[in-house]
Amino acid sequence: MNFRALLTRRNIIIALVVIVASLVVSGYFLLRRPARVEMDRYAPASSLALIEIYNLTDLLDGLTDTDAWRELAPALGVSSQLRQIGLATDIMSRTGIGPDEAVIAGRAQYAVALTGLETETGATEDGPYLHFKPRFCLIAETHSSPETAARVIRERASILASRIYGASVTEEIQDYSGARLQIYRSPQPDRQMIAASSGSLILIANHESAIKSCLDTATGRAPSLASDDRLKQLRSTIDEDATIFAMVTETGVEKLSELGPAIFASRLTTDPDRISSIANLFGHLSRQTFAGLLYSASFDDGAVLEKYMTALRPQVAEALSQAVKPAPAASFGALRFLPRQVEDFTLLNIESAGDLAERALKHLTPTLDVVAGVALREFVLSLREQLGLEQNDSLAGAVGSEVALAKFSDEEPTAMLIRVIDKAKVSASVSKYLARGSATVSTEQYAGVEISVSSHKDRRAAAFLDDFVILGTRDQIARMIDARSSGENAATDERFQKALTGRTNAAAMISCRPDSADAGGMMLAISKLTRVTDGSLELLEQPAVKNALGKLVPSISSTEFRGQGVYTQTRSSVGSFSLIASLIGNDE
């Protein structure tokens, strides 16, 4: 063999390997996404709330890859091509080939900072009202050049404003610390849109104060939320590169504690003095206990995984975690009484559940001031009274660790199932519960089980079945007896069992509910938006759609009481994306 020819062939092979390797390495660096940045560094430290979306492509891909989408989209005729939009956008964002808007849409990270909240109160013939006007700023980290970001705002902001406010919109240009503000006003003087760019950022706000505070933060002239070490620590517990992240800050909680209770109180009474009293009490309690709210959403194996952290004051969180400890080796025996058609249910698995209320009062009262402590004590006493317990009564040691709450429908009261250890002691409390309000009590037999029925206006009844006592209406108890005897219950439903496997071991509370209504509503709204259906609710009754809905696993939430606050993890078909239905609307 010719040595020179062999050497030449070897050199060619080596050269090809080097070229291919170089192309692969170059392609990796050229086509990979920009590094993820912390969007909270652009939000003012005084922000009330922040919402972040990591990447729209990931959001669309995740949503169209859920079990709900895969099952319902074909049944409703939603085009499978929607799943290709994310792929096309992702390719443009990685290569940079395509219109600037499309490339930016695929690359950008988004955040909405709520910087303020205006309120307007008044009264009409229908009663008092409370109107909100948020001040917010949309911040997009384009991961592009400053020139590109500035050009997009300069050329496209006016088009967006015209679509929002119509052709009569007016434009004004202002300078703010070197940033070019494009201010668009509608014929209504209180409605405006302000757009600007700063480096690779694009900012759009509904008020000048909102965009100016975000510009100050982005340029380092003002502190950001990223400087809050406690929020950063709390965020790490729920945000593991989530697709969506949101939080209500301590400042936001204080604002909500001023406004939220007033709305709640107005639903309970129309007396202005009572509304003010209830609002002040709830606001007082909120300021002493809550330190923030955090949320994240991601996609996992065809489901939406959501995490919530209700951050509490350290001393309150620690006291609550001591009072509400999960019992080991939960058996969930109450499931065998719950019909498969039950609307939703909650399982409590707590050590010494019989004296939970008293224990919580004991641990929490020292962490509160006198006003809040008295309010908490009155709440606990009222709860005990509702259950037929007098001041010196206690169920400590008389009931087990398992309590279940079952909701059959919106029109029916919630039923309760409690595991019993000392039947004689529990029977005495049940008798008081049934006879409350001077009600009379009668008994009847149903399928060999004695049911005690009260004449109380809420139709309360009770029955001891196996090692549980069931509190509910007579009809609810009968349905639970039938569910146990027929085997058509949650304990034998594969969908419920599959949902329960996703719970966390440290959960003291587990909630489970069918997710088909949310999934059906969302997909129906999307089918209407894409004009493949008229969005009528009758479509959900079609056999193909009902069959698809029947395959969806119920939503399950696990709640833990931690040293930082209350942590909840929910696994469901569509999660909070069901809000799409309310945004789009339907024909109901």
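The values are calculated or read from the model by the stated rules, or taken from the named source; none is laboratory data. Nothing here was measured: the structure is a model prediction, and the numbers come from that model. So basically every Cβ, Gly included, is an ideal-geometry build from the backbone, and we count neighbours across all protein chains shown.
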**OP:** Give me a count of the residues in region 491-525 that are over 19 Å from ASN547 (Cα atoms) and either assigned to a loop (DSSP other than H, G, I, E, B) or within 26 Å of the chain's Cα centre (by Cα) (or both).
**Re:** 14
Original post:
Across region 546-556, what is the number of residues that are closer than 16 Å to ALA581 by Cβ and either among the polar types (S, T, N, Q) or surrounded by fewer than 20 Cβ atoms within 10 Å (Cβ to Cβ) (or both)?
Top reply: 1
**OP:** Of the conditions (1) at pLDDT 65 or above; (2) surrounded by 18 or more Cβ atoms within 10 Å (Cβ to Cβ), SER93 clears all except one; give me its number.
**Re:** (1)
Original post:
Which of the residues belonging to region 188-224 are touching an Asp or Glu at 6+ places or on another chain (Cβ under 9 Å), among the β-branched types (Val, Ile, Thr) and either farther than 13 Å from THR142 by Cβ or without any contact (Cβ under 8 Å) to a residue 60 or more places away in the chain (or both)?
Top reply: ILE194
**OP:** Give region 158-189 a look and list any residue that's surrounded by 10 or more Cβ atoms within 10 Å (Cβ to Cβ), under 23 Å from SER200 (Cα atoms) and not acidic (Asp, Glu), or say none.
**Re:** SER158, LEU160, ALA161, GLN174, TYR176, SER177, ALA179, ARG180, LEU181, GLN182, ILE183, TYR184
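Just name the residue that is nearest to PHE468 (Cα to Cα) out of those in region 422-450 that are of a type in the set (A, V, I, L, M) and under 39 Å from the mean Cα position of the chain (by Cα). First the steps, then the outcome.
The first filter runs over region 422-450 and keeps only residues of a type in the set (A, V, I, L, M), leaving 424, 426, 428, 430, 434-435, 439, 441, 447, 449.
In the following step, the residues that additionally are under 39 Å from the mean Cα position of the chain (by Cα) were identified as 426, 430, 434.
Values: VAL426: 10, VAL430: 12, LEU434: 17 Å.
That would be VAL426.
Could you identify the single residue in ALA483, ALA499 that is at pLDDT 75 or above and either farther than 20 Å from GLU412 by Cβ or surrounded by 21 or more Cβ atoms within 10 Å (Cβ to Cβ) (or both)?
Values: ALA499 fails: at pLDDT 75 or above.
On inspection, the qualifying residue turns out to be ALA483.
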Subject >> Qualifying position, being free of Cβ contacts under 8 Å to residues at least 40 places away in the same chain, in the same structural domain as GLU402 (by TED's automatic domain parsing) and basic (Lys, Arg), among ARG484, ARG474, ARG479, ARG495 >> reply: ARG474
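Please go through region 175-206 and pick out each residue that is over 14 Å from ALA218 (Cα atoms) and part of a strand (DSSP E or B).
Within region 175-206, ASP175, ARG180, LEU181, GLN182, ILE183, TYR184, ARG185, GLN192, MET193, ILE194, ALA195, ALA205 qualify.
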